[in-house]
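Here is the structure we will look at.
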Amino acid sequence: MTNVTTTTKAPTVHTVHAATDGAMRALGRALADLSRPGDLLILSGPLGAGKTTLTQGLGRGLGVRGSVTSPTFVISRIHPSLVGGPSLVHVDAYRLGGPDEIDDIDLDMTLPESVTVVEWGEGVAEGLSEDRLEIRIERHPDDTRTVHLTPVGRRWADVALPVAVDDENTED
């Protein structure tokens, strides 16, 4: 009988500093360049941290239709691609009671062909995919942010995540 020891490597957390809303949008655009259909991004951070701002940059980078705004009251919005790429499915899980309620949105139907972003998704959306990018945003008193990117699963294991962003001087 052979003893097999399996070790699970802890995911590497990548940290990006974003000084402005423009830098958050630039980070979103950089992530759009790395994204492909089936990707799940789970965003967490306090109210006003910049989750929607980052998603605006992602939407711009993906070339999707419509203004990306917080889907708090509609729970989920689909932004179709204008350039033949994946749609952006933007979800706000703030008002959801847990993983069972996120199942009610039927994200499993859109996930394979879309890039799905779940704001307030920590502890709620991880069951949607073994492969995901977990993004935790800290907002500091001077309005700068520290963004922690944690790749989870094979899909993100070898992706060169951004380590710095410049300010993007455009508004959505």
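When we screen 31, 47 for residues that are under 19 Å from residue 138 (Cβ atoms), of a type in the set (A, V, I, L, M), modelled with pLDDT of 90 or more and part of a loop (DSSP other than H, G, I, E, B), the only hit is 47. Could you tell me how many of the residues in the stretch 82-102 are surrounded by fewer than 16 Cβ atoms within 10 Å (Cβ to Cβ) and modelled with pLDDT of 90 or more? Residues in the stretch 82-102 being surrounded by fewer than 16 Cβ atoms within 10 Å (Cβ to Cβ) and modelled with pLDDT of 90 or more: 3 in total. From 107, 128, 133, 111, grab the single residue that is under 13 Å from residue 39 (Cβ atoms), at pLDDT 95 or above and under 17 Å from the mean Cα position of the chain (by Cα). Just one listed residue meets the conditions, 133.
Number of residues in the stretch 43-102 that are more than 22 Å from residue 19 (Cβ to Cβ) and of a type in the set (Lys, Arg) equals 3.
How about the stretch 43-65: which of its residues are of a type in the set (A, V, I, L, M) and touching a Ser or Thr at 6+ places or on another chain (Cβ under 9 Å)? Show your work before the answer.
Pass one, the stretch 43-65, residues of a type in the set (A, V, I, L, M): 43, 47, 49, 54, 58, 62, 64.
Hits for the stretch 43-65 are 43, 58, 62, 64.
Pairs linking a residue in the stretch 18-35 that is over 22 Å from residue 81 (Cα atoms) to a residue that is in a helix (DSSP H, G or I), with Cβ atoms under 7 Å and 6 or more positions apart or on different chains, are 18/24; 18/27; 21/53.
The values are calculated or read from the model by the stated rules, or taken from the named source; none is laboratory data. Keep in mind that what you see is a predicted model, and the values were worked out from it rather than measured. Neighbour counts are summed over all protein chains in view; Cβ atoms, including those assigned to glycine, are modelled from backbone coordinates with ideal geometry.
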